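Encoded as C-alpha cells, the structure appears first; notes follow it.
Every number here is computed from the coordinates shown, using simple stated rules; none is lab data. Computed from a predicted structure; not experimentally measured. Every residue, glycine as well, gets a Cβ built from its backbone with ideal geometry; the counts of neighbours run over all protein chains shown.
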Amino acid sequence: MSNVFNPQLIDRFGRKVDYLRISVTDRCDFRCLYCMAEEMTFLPRAQILTLEEIYTICEAFTELGVKKIRVTGGEPLVRKSLLTLLEKIGRISTLNELVLTTNGSHLPQMATDLKRVNVKRVNISLDTLNAVKFKEITRTGNLQQVLLGIEAAKQAGFERIKINAVILKNRNHNEVCDLVQFAIDKVIDISFIEEMPLGIVNEHDRAVTYYSSDLIKTDLEQCFSLIPSIEKTGGPSNYYYIEGTDTRVGFISPHSANFCSTCNRVRLTVEGRLLLCLGNEHSVDLKQVIRANPGDKNYLKQVIIEAMKIKPEKHEFNLEEQPVILRYMNTTGG
Ligand code: SAM
Ligand code: SF4
C-alpha cells in the first residue's frame with residue numbers, strides 16, 4: 001500500500017502505475033498514414049509543455065514510484081534540446097529505465113548521444129523493407145535513412161533494440177516473415193501492432209485494413225517456430241521467441257486480446273494532459289496545475305495521486321465506428 005515513505009500510484013482496480021509515457025512533441029518529419037492526416041496543423045508553442053515543465057512532472061512521478069519513463073511523440077528526436085531533458089531525467093536515481101520510441105530518421109546523428117545520456121533501450125518503427133512502400137506509408141520518410149538509424153543504434157550499444165511494425169491488410173501484411181527475418185539478422189526484437197482508431201484518417205478504412213495478431217502469428221508459423229515466452233514485461237505485448245535465435249516477437253493486440261487488466265501506465269500528452277487510458281478521454285490538465293502553482297511540487301503530486309481515481313477499467317476501441325477518440329497518436333504519445 002501507498003504510505004508517506006513509500007508512495008505509490010494505485011488505481012480503483014488495484015493496478016499499480018509505475019510507467020509514464022510522454023509525448024514531447026506533436027511534430028514529426030514523417031506523416032505515417034495510420035498516425036496522421038496528410039495535412040496536419042501542429043500546436044502553437046505556448047500550448048505545449050516546456051522541457052522544464054516536462055522535467056518537473058517526471059520528478060513528481062518518480063517520487064510517486066514511477067520506475068520507467070518512455071519518451072515518444074510525434075517524433076521525439078525533432079524536439080529541440082531534447083538531449084538536455086533526457087540527460088536530466090536519466091540522472092533521477094530512483095528511475096530504473098529511460099527508454100525512447102523513434103522513427104529512426106535522426107538516429108544516425110543522435111544514437112551515440114542518446115546512449116551517453118542514459119537511454120537504455122530504443123524502439124524503432126519500421127513497417128516495410130520496400131523503399132517504395134516505405135515512402136507510401138510514411139509519405140515523407142526515407143527507408144535508407146531509417147536502416148542507417150537502426151545500424152547506428154546497434155553500434156551505440158543499447159541494451160535492447162526493438163522494431164515496431166503496424167500491419168495493414170493489403171499494404172504490408174505479406175511482409176511479416178521478411179520483417180522478422182530482418183530482426184533475426186540484426187539480433188533485435190520486433191513487435192507487431194494492430195492499428196488503433198485514434199484520430200480521423202481518410203486515407204483508408206481501418207475496419208477494412210485490420211489485420212489481426214492471430215493472422216500475423218499464423219503467417220509467421222509458416223516460416224518460423226514460435227516458442228511462447230513466459231517473461232512478463234508488464235506491457236501489452238505477448239512475446240514469443242523464434243527458435244534458435246535471440247529474437248523475440250511481440251504482438252500488441254488492442255482489438256483481439258484486451259490487455260487492460262494488467263495496465264501499469266499513464267500518458268502525458270504534448271499539451272500536458274495526463275491521460276489515464278490510451279482508448280478513453282479521462283484526463284487531468286497538469287499544465288494548468290503547474291502554471292497556476294509554480295514550484296508547488298507537493299500539490300502537483302497530490303493531483304497525480306487523485307487522478308488515479310479516474311483511470312478507466314478498459315479501453316473502448318471499435319473499428320466499425322468513427323473514432324470517438326479524436327486526438328491523433330502523435331499528440332498522445334504512442
Ligand atoms: N515517431 C515515433 C515512431 O514512429 O516510433 C514515436 C511516436 S509513434 C506515434 C509511436 C508508435 O505508434 C509507432 O510505432 C507507430 O507505428 C505507432 N502508431 C502510430 N499511430 C498508430 C495507430 N493509429 N495505431 C497503432 N499504432 C500506431
Ligand atoms: Fe511520425 Fe511516428 Fe506518427 Fe509516423 S508514427 S507520423 S513517425 S509520429
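Its relative contact order, with pairs defined as Cα atoms under 8 Å and 6+ residues apart, puts the stretch 49-188 at 22 percent. Both radii were evaluated on the Cα set of the stretch 9-332; the Rg over Rh quotient, with Rh as the Kirkwood radius, amounts to 0.94. In the chain, helical runs assigned H by DSSP with n ≥ 4 each contribute -39500 (n - 2.57); averaged across all residues and rounded to the nearest 500, the mean residue ellipticity at 222 nm is -8500 deg cm²/dmol.
If the chain linking ILE310 and ASN174 were pulled fully straight, counting 0.36 nm for each residue of separation and taking away their Cα-Cα distance, it would gain 44.9 nm. Of all lysines in the structure, the ones whose alpha carbon falls short of 30 Å from that of LYS217, not counting any fewer than 8 places away in one chain, are LYS68, LYS120, LYS133, LYS135, LYS154, LYS162, LYS169, LYS186, LYS232, LYS314. Comparing the stretch 24-168 with the 2.2 N^0.38 Å rule of thumb, its C-alpha radius of gyration ratio is 1.06 (two decimals). Residues of the stretch 174-215 with backbone nitrogen within less than 15 Å of a virtual label 7 Å along the Cα-to-Cβ line of GLN222, please, listed as ranges. Answer for the stretch 174-215: 174-181, 212, 214-215. With each label modelled as a point 7 angstrom along the Cα→C-beta vector, the ALA37-LYS16 pair spans 4.3 nm. Taking 4.7 Å between C-beta atoms as the pairing limit, the chain has these partnerless cysteines: CYS28, CYS58, CYS260, CYS263, CYS277. Modelled label positions at THR112 and GLU281, each set 7 Å beyond Cα in the direction of Cβ, lie 4.8 nm from each other. At full extension, GLU136 and GLN155 could sit 4.0 nm farther apart than now, given 0.36 nm per residue minus the alpha carbon distance.
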